[in-house]
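A short write-up of the structure that comes next.
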Amino acid sequence: MKAAVIVFPGSNCDQDCARSLKATTGLKADLVWHKESSLPDYDLVILPGGFAHGDYLRCGAIARFSPVLAEVRRLAQRGSLILGICNGFQILCEAQLLPGALLRNRKLKYLCQDVFLRVETERSPFTSLYQKAQILRIPISHGEGGYSVNPKELQKLKDQDRVAFRYAHADGLVDDTSAPNGSLEAIAGVLNEKRNILGLMPHPERLAEPELGGVDGRPLFEAVFAAMGGAA
């Protein structure tokens, strides 16, 4: 089993992702610079949070042209697991590996806080160790996290059970106020049609070890490891 964390100029969660993956599964990830144009057949590729290329133009708009993205696309097509967290989610949307876009937060302010998430599906290699409707506490840290997608794609996401997480209140209620960033229908994470790509704005790597104050993010890494053939 081989894993990689892609490093862009301005990434700041690359080490966090690599550490959480190793701490939860024992799997050591390679840190791969964004200019690499040829990659081994990694089983897992993580696009971490941060501010790739300073988030100039739009978040992820420059990173989508990095040479490594062609390889990420190739690996996705071969069935490798691709996980985009925060800025990684934004990059996957810009690269059209996931539908939609991430817009400025509702009140145009940067948000760094814990939020509650409701697990919307357990039918993916990323969420298989969660239970549907389970409530998680996971941190967010972003200025452009409001997920938006056209009505046709939104309906496809719902019909195909591809909404992975929604922002919720502590009691599990999802409504117009549960997403602090104003995300459409409180969507916090989505899957592609093959279900081997997940993009989400919250940071599971920041709550994957007890020393960090909780382990609600841990099952995501354990599920990915199990999907690659490791022991869950």
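Here, each number is a calculation from the coordinates, and none is a lab measurement. Because the structure is a prediction, the values reported are computed rather than measured. Glycine gets a Cβ as well: all are built from the backbone with ideal geometry, and neighbour counts include every protein chain shown.
Look at the dipole of the range 3-227 built from charges on Cβ: of Ile140, Ile46, Ile197, the Cα furthest out on the positive end belongs to Ile197. Contact order for the chain, expressed relative to its length and based on alpha carbon pairs under 8 Å spaced 6+ residues apart, stands at 20 percent. Go ahead and run the numbers for FRET between Asp176 and Gln96, Cβ-Cβ distance against an R0 of 30 Å, rounding to 0.05. That pair, Asp176 with Gln96, gives E of 0.60.
The HN-Hα couplings worked out from phi for the range 22-30 by the Karplus form 6.51 cos²θ - 1.76 cosθ + 1.60 (θ = phi - 60°) are 5, 5, 8, 10, x, 8, 8, 9, 7 Hz, whole numbers, x standing for Gly and Pro. Of the options (1) 17.8, 66; (2) 18.8, 68; (3) 15.8, 46, only one is Rg and Dmax of the Cα atoms in Å as computed from these coordinates, and that is (3). Computed from backbone phi with θ = phi - 60° and the Karplus coefficients 6.51, -1.76 and 1.60, the 3J(HN,Hα) list for the range 110-124 is 5, 10, 9, 6, 7, 10, 9, 10, 10, 6, 9, 8, 9, 8, 7 Hz; x is used for glycine and proline. Each Lys and Arg adds +1 at its Cβ and each Asp and Glu adds -1 at its Cβ; summed about the Cα centre, the chain shows a dipole of about 380 debye.
Using the charge dipole of the chain (Lys, Arg: +1 at Cβ; Asp, Glu: -1 at Cβ; taken about the Cα centre), state which of Pro180, Leu111, Asn87 has its Cα farthest towards the positive end. The residue sitting most towards the positive pole is Asn87. Of all the options Ser37, Ser148, Ser11, the one that moves most in a Gaussian network model of the chain with Cα springs shorter than 10 angstrom is Ser37. Counting only DSSP H runs of at least 4 residues, each contributing -39500 (n - 2.57), and dividing by the residue count of the chain, the helix-based mean residue ellipticity at 222 nm comes to -6500 deg cm²/dmol. When the chain is treated as a GNM, springs tying every alpha-carbon pair under 10 Å, which of Ile138, Ile91, Ile82 comes out with the largest mean-square fluctuation? Highest fluctuation of the listed residues: Ile138. Put simply, the amide H of Ile197, placed in the peptide plane, has neighbours under 5 Å in Ile82, Asn192, leaving out anything fewer than 5 places away on its chain.
Between Ile135 and Gln155, residue separation times 0.36 nm minus the direct Cα-Cα distance comes to 4.8 nm.
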